[in-house]
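Visitor: Just dropping this structure here.
No lab work stands behind these numbers, since they all come straight from the coordinates. For clarity, every value in this text was computed on a predicted model and none was experimentally measured. Methodologically, a virtual Cβ is constructed for each residue, glycine included, from the backbone with ideal geometry; neighbour enumeration extends over all protein chains shown.
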Amino acid sequence: MLMELITRKHVISKEMVHDGLTVIDAGINETADGKIVGDAAADTNGTAYAVSPIPGGVGTPTTAILYENVIKAISIPYKEACPR
């Protein structure tokens with residue numbers, strides 16, 4: 001498994017991946033024409049076992065985990081102020 005967040009478009013090439021490798025691309029980059037692309041080049045999709053999509057890959061799980069941590073952080077002072 002390769003998880004990367006380099007934030008440089010297409011820095012991961014197909015020569016850097018192998019059969020059976022799962023690439024989790026967390027990098028988001030904007031091209032000159034406004035298109036959103038990841039750190040992994042498009043041709044890695046044919047070489048690696050799986051490549052997460054950009055956009056639409058890790059954003060939703062990241063948001064869910066962030067929300068969960070915010071709820072935990074809010075509940076800490078509440079539990080201290082209002083013990084049962």
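Visitor: Under a Cβ-Cβ cut-off of 15 Å, what is the net charge of the residues other than T62 that fall near it, where Lys and Arg count +1 and Asp and Glu count -1? Walk me through the intermediate numbers first.
Guide: Values: positive: none; negative: E4, D25, E68.
Residues close to T62 contribute a combined charge of -3.
Visitor: Hey, could you grab the Kirkwood Rh for the chain? Inverse mean 1/r over distinct alpha carbon pairs, Å, one decimal.
Guide: On the way: mean 1/r = 0.0681 Å⁻¹.
About 14.7 Å, per the Kirkwood formula over Cα pairs.
Visitor: As a test, work out the antiparallel percent of DSSP beta bridges whose residues both lie in the chain, rounded to the nearest 5. Mind dumping the intermediate values first?
Guide: Details: 2 of 8 bridges.
Counting DSSP beta bridges with both partners in the chain, the antiparallel share is about 25 percent.
Visitor: If each residue of separation counts as 0.36 nm, what is the full-extension length gain between L66 and Y49 once their alpha-carbon separation is subtracted? Could you put the intermediate results ahead of the total?
Guide: Numbers: separation 17, 0.36 × 17 = 6.12 nm, distance 2.82 nm.
That works out to 3.3 nm of additional length.
Visitor: Taking H as built 1.01 Å from N, whose amide H comes closer than 5 Å to the amide H of A40, not counting residues under 5 places away?
Guide: The list, which skips near neighbours in sequence, is H10, I12.
Visitor: So, one more: Tilt of helix 59-81 relative to the longest C-alpha principal axis of the chain, in degrees (0 to 90, nearest 10)?
Guide: For helix 59-81, the angle is close to 20 degrees.
Visitor: Now a separate question. Report the gain in length on full extension from L5 to I24: 0.36 nm times residue separation, minus Cα-Cα distance, nm rounded to one decimal. Each step should come with its number before you reach the end.
Guide: Details: separation 19, 0.36 × 19 = 6.84 nm, distance 0.88 nm.
Gain on stretching L5 to I24: 6.0 nm.
Visitor: I want the local charge near M3. Using Cβ-Cβ distances under 15 Å, sum +1 for each Lys or Arg and -1 for each Asp or Glu among the other residues.
Guide: Details: positive: none; negative: E4, D25, D39.
Overall, the nearby charge balance is -3.
Visitor: With runs of 4+ DSSP H residues as the only contributors, calculate the mean residue ellipticity of the chain at 222 nm using -39,500 (n - 2.57) per run, divided by the residue total and rounded to the nearest 500.
Guide: Numbers: 2 runs with 27 residues, N = 84.
Calculated from helices alone, the mean residue ellipticity at 222 nm is -10500 deg cm²/dmol.
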